[in-house]
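In what follows, a structure is listed as structure tokens, so that the remarks can point back to it.
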Amino acid sequence: MFSTLKKLTLAAVFAVSMMPFAAPVRAAQPGAPAPEFTGIEKWLNSEPLDLPALRGKVVLVDFWTYTCINCIRTLPYVKSWHEKYKDQGLVVVGVHTPEFAFERSTQNVQNAIKRFGITYPVAQDNKYATWDAYRNIYWPAFYLIDKQGKVIHTHFGEGRYKETEAMIQQALAQPPAG
């Protein structure tokens, strides 16, 4: 019995190891049209937003959750970009997608927004609908969208803040959407 089970287990491991490696496919690859905000339970700091209405603006979509230490460490940069570039046409949208059940509470998210001093729009994505539309798999994750509504830059995790800010500046310098 044991040797049969062992052979089956080894066969399964071998079969999996022979599968071709494929990176996760994300819908929001650079050059692709940005997916719409969808299934948002509540908008905080803003009326509901949609990408067609934001055409002509540069949009930074930041997937985050308020207890993620990596997300917390990115907030000073995101808040700074919002303050620095909002009058030049940058719209920052925080898409709060909970990792834990208690992060689904609107009151908890509102408390976190206040505690962190976030003034830009935050979409509460409790059903992971926008997360899934972007085929996102990380916290934090940045998707930079140009004035024509296309994803032009992605970054996952912490770091590369100068690179992201340079991409924001380049996108803002582009001519208006045509």
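Solvent-accessible area of residue 84, all protein chains in place: 100 Å² (probe radius 1.4 Å, heavy atoms, ligands and nucleic acids excluded). The GluC sites (Glu not before Pro) of the range 81-178 include none that meets both conditions, a loop assignment by DSSP and at most 10 other Cβ atoms within 10 Å of the site Cβ.
First compute the accessible area of the range 102-145 with a 1.4 Å probe, then give the percent of it belonging to carbon and sulfur atoms.
Values: 980 of 1880 Å².
Result for the range 102-145: 52 percent of the exposed heavy-atom area is carbon or sulfur.
The length gained on full extension between residue 36 and residue 158, counted as 0.36 nm times the residue separation minus their Cα-Cα distance, comes to 41.5 nm. With all protein chains in place and ligands, DNA and RNA left out, the 1.4 Å accessible area ranks 160, 104, 73 as 160, 73, 104, largest first.
The values are calculated or read from the model by the stated rules, or taken from the named source; none is laboratory data. Since the model is a prediction, treat every value here as computed from it, not as a measurement. Cβ: placed from backbone, ideal geometry, glycine included. Neighbour counts: every protein chain shown. Keep in mind that these areas ignore ligands, DNA and RNA; they rest on the heavy atoms of the full protein, side chains included. Shrake-Rupley method; radii C 1.70, N 1.55, O 1.52, S 1.80 Å.
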